Structures are given as C-alpha cells and as structure tokens.
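K.L.:
Have a look at this one.
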Amino acid sequence: MQGISRDEPVGDLSTRLTKRISATERYRESFRAPDASILVVDDTPVNLDVIRNLLKKTDIGIDTAESGQEAIDMVKTKAYDVIFLDHRMPNMDGLECLKIMQGMEDDLSKDAPVISLTANAVSGAREEYLRAGFADYLTKPIDSEKLEAMIIEYLPADKVQHVEGAAAEETAEEKTLPDWLKNVAGLSTADGLKNCGGVDAYLDALTVFAQSVVSGAKEIANFYKAADWKNYTTKVHALKSSARVIGANELSDRARRLEDAGNSGYIDEIHDSTDGMLELYISFAYKLAPLIQTEDADDSKPLIEDDALAEAYETLSDAAANFDFDTVEFVFDSLKDYRLPENQREKFSQIKSAASKPDWEELSKLLAG
C-alpha cells in the first residue's frame with residue numbers, strides 16, 4: 001500500500017503560459033480509465049487542481065467538492081468508484097463527513113472505497129484510518145506515481161487499462177521557467193518542480209496559489225479575530241500543505257508551527273506569530289503577480305465583437321451549471337487572442353478567478369450579472 005498526496009491546478013491562464021513554454025511531463029501515465037469516476041474532496045482549490053492535473057492523461061472522470069456538505073450532496077446523485085476525502089476541513093472534517101455518508105440511505109457511492117487525504121501521516125496512521133472506516137490514506141503533497149498506484153489498487157479491475165512502458169520517463173527539449181520566477185524570494189522552484197512533477201503542473205499550481213492568496217489570508221485573519229481556533233487551525237493546516245507544494249518552504253514551516261500551536265492550545269504563540277505569517281503569505285500576491293496579470297488590454301489583439309463575447313459568456317454559463325471544467329478551459333483558450341472592451345475587463349478578471357478555483361456558484365453569479 002502506498003501513501004500519496006500532491007497539489008496541482010489548471011485554468012485559463014495556465015493554458016497561455018504553458019503554450020509559451022515547451023511542454024513535457026516527468027512521468028508517463030501508468031493507466032487509463034475512461035469509464036471510471038472519482039470524487040475528490042478538499043477545501044483548498046490548489047489541491048483539487050493538482051490532482052486533476054496529475055490525472056488528466058488517464059481519462060478518468062474527476063468531480064471535486066470543497067466541503068463535506070458538498071460531497072454529501074454529490075454522492076446522492078452519482079455513484080463514484082473511489083472517493084478521496086481530506087481529513088482536515090473547516091465546519092465538517094473528513095471523519096465527520098465519512099460518518100454521515102456511512103449512515104445515509106440515499107448514498108449512491110456507499111460501496112466506493114474512501115481514501116483519506118492527510119498531511120500529518122505518522123506511525124500507525126493507516127490503522128487509525130482503517131478503524132475510522134477509510135479504505136486507506138494518502139499523504140500530502142501528492143506524488144503522481146503513488147497516486148496512480150493507489151487508484152489502480154482500488155478501482156474495479158475491469159475499468160483499468162494499463163499503459164505499456166509507463167515507468168519510462170518522457171524525453172523532450174529541456175523546459176525552463178520564466179527568469180523572474182527563479183528569483184522570487186522565499187520560493188524554491190526546485191522543490192516546487194519536484195512536488196508538481198513538471199513545469200506545466202508547477203505553473204498551474206503557482207497560478208492557483210497566487211489567485212487564492214488574498215481570500216486565503218482574509219479567511220485566516222477572520223478566524224483569528226473571532227478566536228475561532230478550530231477553523232483557524234484547519235486553515236493554517238491547508239496553507240502548510242499548499243505552500244509546501246509550490247516550494248514556499250518558509251511559509252509552509254510557519255503555517256505548520258501555527259497549526260501545532262492551535263492543536264496544542266498555545267494561544268499566546270498564535271498571537272505572537274500570526275501577523276508575521278500573514279505578512280509573508282500576502283507578499284506572494286505581489287511576488288507571483290505576473291502569473292495572474294491579464295493580457296486583455298494588449299492593443300495588438302483584435303477587439304472581440306459583442307456577439308462573440310455574449311456567446312462565450314453563455315457557453316461559460318452552461319458549463320458552470322454542469323460543472324464542465326473542460327469546456328470552461330476551452331472557452332478561455334479561445335478568447336486568449338482577443339482584446340476585451342474596457343468595460344468588461346474587471347468582470348472578466350473576476351470570472352477567470354472564479355473559474356480557476358473552480359467556484360461554480362460564484363462563476364454562475366458573475367455570468368448572470
């Protein structure tokens with residue numbers, strides 16, 4: 001049995017970036033499963049996107065949920081082959097969610113193995129998760145080969161198509177990162193590349209991380225001000241994981257220490273260290289800004305026609321209603337060569353931010369406005 005965990009994101013901006021940089025992967029997928037489907041539950045968007053990106057060549061169906069309640073609603077309408085459930089989430093953690101699902105009469109995925117996602121694996125962890133009703137656990141950050149091995153282990157055998165020569169590493173022209181990225185203080189690109197499995201996936205993860213810095217910092221600050229130490233600890237736990245994935249090691253270490261303080265009830269340490277941690281966290285919004293700056297004002301691009309933009313919005317709205325991430329990504333890729341009207345740029349930026357997470361409810365609201 002193998003433990004796994006890792007985070008990767010995808011989105012419209014990543015499409016532009018990765019097409020400018022020659023692309024390869026550091027591994028070749030070991031299986032394909034076009035008839036299988038999994039549910040991944042994690043309150044951190046970057047973690048969901050990492051898994052989606054790691055598995056994109058396997059053709060497996062991937063649905064995602066950002067809360068335990070959302071997962072409960074989803075298993076009422078669809079039968080999944082495997083469920084990956086984050087242990088530490090605010091409001092309802094993975095253990096509580098699993099217990100509720102086990103007692104549901106209308107759970108269409110009752111027979112699906114549920115695998116815990118955790119960043120805190122210790123000796124005896126597997127036995128503890130088995131006693132709680134999980135089939136297994138994966139440790140964060142996720143490793144692509146271990147993730148695939150875990151899925152192969154638990155998917156029905158008739159849904160797995162093994163790929164010959166999967167262990168061989170793909171060869172291609174050496175890929176490079178943008179020069180500015182190599183000089184970002186507090187960021188180990190070497191560690192980030194190792195954690196994400198390649199340049200494309202790493203740029204995706206960095207982009208989603210950058211887009212979530214402001215909202216993530218606000219959440220932690222609000223829980224801190226409310227003295228809600230349970231949810232505060234859950235959020236710094238999530239930050240520990242996502243920061244480690246991108247190679248922001250100092251930020252990850254600070255978040256880990258605050259998580260330990262929260263778990264131990266060391267409130268004085270939380271008071272002493274939170275401001276410094278948040279200052280470092282927010283600094284990445286500026287350090288990584290080039291990843292999320294838009295090109296919508298580029299005068300060299302033709303101005304998109306009103307009818308074409310309205311059609312794009314309508315397609316995005318339909319895709320959001322159906323949780324269709326592939327269509328969302330396709331629309332953004334189609335729009336990248338056009339310049340938006342000035343009065344649409346702020347709205348479009350908000351739409352892209354919501355889509356990159358993806359926050360389907362917010363995306364639908366923006367498109368309806």
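The values are calculated or read from the model by the stated rules, or taken from the named source; none is laboratory data. Just so we're clear, the structure is a prediction, and the values are computed from it rather than from any experiment. FYI the Cβ positions are ideal-geometry reconstructions off the backbone, even for glycines, and counts take in every protein chain you see. Remember, those area values only see protein heavy atoms, side chains included, never the ligands or the DNA or RNA. Shrake-Rupley method; radii C 1.70, N 1.55, O 1.52, S 1.80 Å.
K.L.:
Kindly establish whether residue 38 is part of a strand (DSSP E or B), open to solvent by less than 40 Å² (accessible area, probe 1.4 Å) and closer than 18 Å to residue 143 by Cβ.
P.N.:
Numbers: part of a strand (DSSP E or B): yes; open to solvent by less than 40 Å² (accessible area, probe 1.4 Å): yes; closer than 18 Å to residue 143 by Cβ: yes.
Taking the combined requirement at face value, the residue satisfies it.
K.L.:
Now for a different question. Output the number of the condition that residue 250 fails; it satisfies all remaining conditions of (1) open to solvent by less than 40 Å² (accessible area, probe 1.4 Å); (2) among the acidic types (Asp, Glu); (3) within 24 Å of residue 199 (Cβ to Cβ).
P.N.:
Residue 250 satisfies all of (1) open to solvent by less than 40 Å² (accessible area, probe 1.4 Å); (2) among the acidic types (Asp, Glu); (3) within 24 Å of residue 199 (Cβ to Cβ) except (1).
K.L.:
Going through 181, 203 one at a time, which residue ends up being within 16 Å of residue 50 (Cβ to Cβ) and assigned to a helix (DSSP H, G or I)? Before the answer, list the steps.
P.N.:
Numbers: 181 fails: within 16 Å of residue 50 (Cβ to Cβ).
The unique qualifying residue is 203.
K.L.:
Looking only at the range 51-66, which residues are farther than 18 Å from residue 322 by Cβ and either open to solvent by 30 Å² or more (accessible area, probe 1.4 Å) or among the acidic types (Asp, Glu) (or both)?
P.N.:
56, 57, 59
K.L.:
If I go through the range 67-79 residue by residue, how many of them are open to solvent by 60 Å² or more (accessible area, probe 1.4 Å) and in contact with a Pro (Cβ under 9 Å, 6 or more places away or on another chain)?
P.N.:
Total satisfying the criteria: 0.
K.L.:
Would a scan of the range 254-268 turn up a residue that is open to solvent by 10 Å² or more (accessible area, probe 1.4 Å), touching a residue at least 24 places away in the same chain (Cβ under 8 Å) and within 21 Å of residue 195 (Cβ to Cβ)?
P.N.:
Yes, the conditions are met somewhere in the range 254-268.
K.L.:
Could you say which residue among 71, 119 is among the small types (Gly, Ala, Ser) and more than 28 Å from residue 203 (Cβ to Cβ)? Reasoning before the result, please.
P.N.:
On the way: 119 fails: more than 28 Å from residue 203 (Cβ to Cβ).
When all the criteria are applied, what remains is 71.
K.L.:
Which of the following residues is part of a helix (DSSP H, G or I) and open to solvent by 30 Å² or more (accessible area, probe 1.4 Å): 48, 95, 108? Even if it seems obvious, please write down each step before you answer.
P.N.:
Values: 48 fails: open to solvent by 30 Å² or more (accessible area, probe 1.4 Å); 108 fails: part of a helix (DSSP H, G or I).
Residue meeting the stated conditions: 95.
K.L.:
May I pose another question? Quick check on my filter: what residues within the range 180-206 are open to solvent by 10 Å² or more (accessible area, probe 1.4 Å) and within 16 Å of residue 292 (Cα to Cα)?
P.N.:
Correct list: 180, 184, 200.
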